Amino acid sequence: MKDTTRWEGALRAAPGILRADLWTTRRDPLPRNRWLNWLPHAHLVLLTVLLGIWNLNLDAQSMDPLPGGVTLLVVAQAAAPILALTRPAAGWWLSTAGLFVSMNVTSSLFGAGWPWNAAAITLHTLVLLLLALRVRPVAAAAALGVSLLTGVGALAPGGVPHLPTLLPGAVAFATATVVGASLRATRVSRTRLVEQEELTAEERARRALLEERGRIARELHDVVAHHMSVISIQAQVAPHLVEDPSPELRENLAGIRQNAVDALTELRRVLGVLRGDGAAGDAAAGVRHAPQPTLDRLGELLANVRATGLHVTAETVGEPRPLSPGTELSAYRIVQEALSNAMRHAPGARAAVATHYHADGLTVRITNTAATRAVGPVPSGGGREPGHGLLGMRERTAMLGGELAAGPTPDGGWDVTATLPAPLLDPPRTTAKDGS
């Protein structure tokens, strides 16, 4: 039943396919070859010219003098393959008309059933091959059938001699159609495979981006939750720091505390959604409830990396100062990911980490030399499972409105430089009770 339905659908679609593929003069250039470029096209034009000269000589041997109409017909047949390079349907119609006219001309002149000569067969074979390379198999088969019909008149009985060119011509036409359709099917399959691979790569990149954003959101949750908890505690303690607080003040502070608690509750719910099933490994490792790292723990990170065998040096330029928790966390993670990439892709290299505190922000630069050993299993001494490399660094930098530059160095190593906005934080205000 399914096969019957499929055939019925194909038959219903056939007229539309024939009209779209054959009844048209649209431009459809033959693609250039990947390795030979336009050389095959030039060879085909040269072959067509030689076949046209051969066709003209065959007619000149049979007709003396050669009528001007026959010369024009030979030129049209020779031009058909060249036209088919850019407009396959138009080239096929021109060549088919040439076959039909040549069959009638030769039969009327010589009184013989002579459908085509060898040169005309070769020219039309080229046209069918070029057509089958660009149109769907149904249209190619239809073009083959119409081409064969141009020589059917030579089979009509009438006591006239029949020259044996119809059968070789039919074999040549059919072979060209089958070969062209097969090559087209291979090209279409390869194109679809490349498109699918591109879609798969885009989907993989999108998934990696979402995973990295989820990881960043989970880490920043702890920072935001800490501040919300501080707000709640301060709002609860504030009434006790003021003598005889007014009811309005108590009410406002209670509202602030309640809003902070509600926001903290919603943050926990969002975190549960973000973690999903992918955080099972983190939970097992105790990462879920661990405090988020800051630049104060950079020495600990470098010690762990050195323990894996990577030689790392550290340098600090400028006066270290307090930074926002998000900036501290992002800077730490960028250094961590860059060193993980160095261990992963440049075993035996030497790395350097530089942190530069300046007026407008913080710049961290991580460089490593070229690998001195073959890439092997990735050590896990960096304190974190491998992430998505540059993708995560760019996301963290963009989140803070900073800039990231990463690329190879002239000596074969790698350089990562992240500039993070870090405005000066206001010093914490202390509330002193007036004792006067």
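Along segment 390-402 the Karplus relation, 6.51 cos²θ - 1.76 cosθ + 1.60 evaluated at θ = phi - 60°, assigns HN-Hα couplings of 4, 4, x, 4, 5, 4, 5, 5, 5, 4, 8, x, x Hz to successive residues, with x for each Gly and Pro. Close amide H pairs (under 5 Å, H built 1.01 Å from N) link LEU362 with LEU420, ALA422, residues at least 5 positions away or on another chain. Residues in segment 240-245 carry Karplus couplings, in order, of 7, 8, 10, 6, 6, x Hz; the curve used is 6.51 cos²θ - 1.76 cosθ + 1.60 with θ = phi - 60°, and Gly or Pro positions show x. Placing +1 on each Lys and Arg Cβ and -1 on each Asp and Glu Cβ, with no other charges, gives segment 193-275 a dipole about its Cα centre of roughly 280 debye.
Accessible surface calculations at 1.4 Å, restricted to protein heavy atoms, place segment 1-43 at 89 Å² per residue.
Across segment 135-141, rounded Karplus estimates of 3J(HN,Hα) from the backbone phi angles (6.51 cos²θ - 1.76 cosθ + 1.60, θ = phi - 60°) give 10, 6, x, 4, 5, 5, 5 Hz, Gly and Pro being marked x.
Applying 0.36 nm per residue to the separation of THR175 and ALA359 and subtracting their alpha-carbon distance, the gain on full extension is 58.6 nm.
Sorting 185-193, 167-175, 413-421, 132-140 by average packing, meaning the other beta carbons within 10 Å per residue, from highest down gives 132-140, 413-421, 167-175, 185-193. Counting Lys and Arg as +1 and Asp and Glu as -1 over every other residue whose Cβ lies under 12 Å from the Cβ of GLY180, the net charge comes to +4. With a cut-off of 11 Å between beta carbons, the residues surrounding ALA90 carry a summed charge of +2, where Lys and Arg count +1 and Asp and Glu -1.
The values are calculated or read from the model by the stated rules, or taken from the named source; none is laboratory data. What you are looking at is a predicted structure, and each value in this text was computed from that prediction instead of being measured. Cβ coordinates were reconstructed from backbone atoms using ideal geometry, including for glycine residues, and neighbour counts include every protein chain displayed. Just the protein is used for accessible areas: all its heavy atoms, side chains included, with ligands, DNA and RNA removed. Shrake-Rupley method; radii C 1.70, N 1.55, O 1.52, S 1.80 Å.
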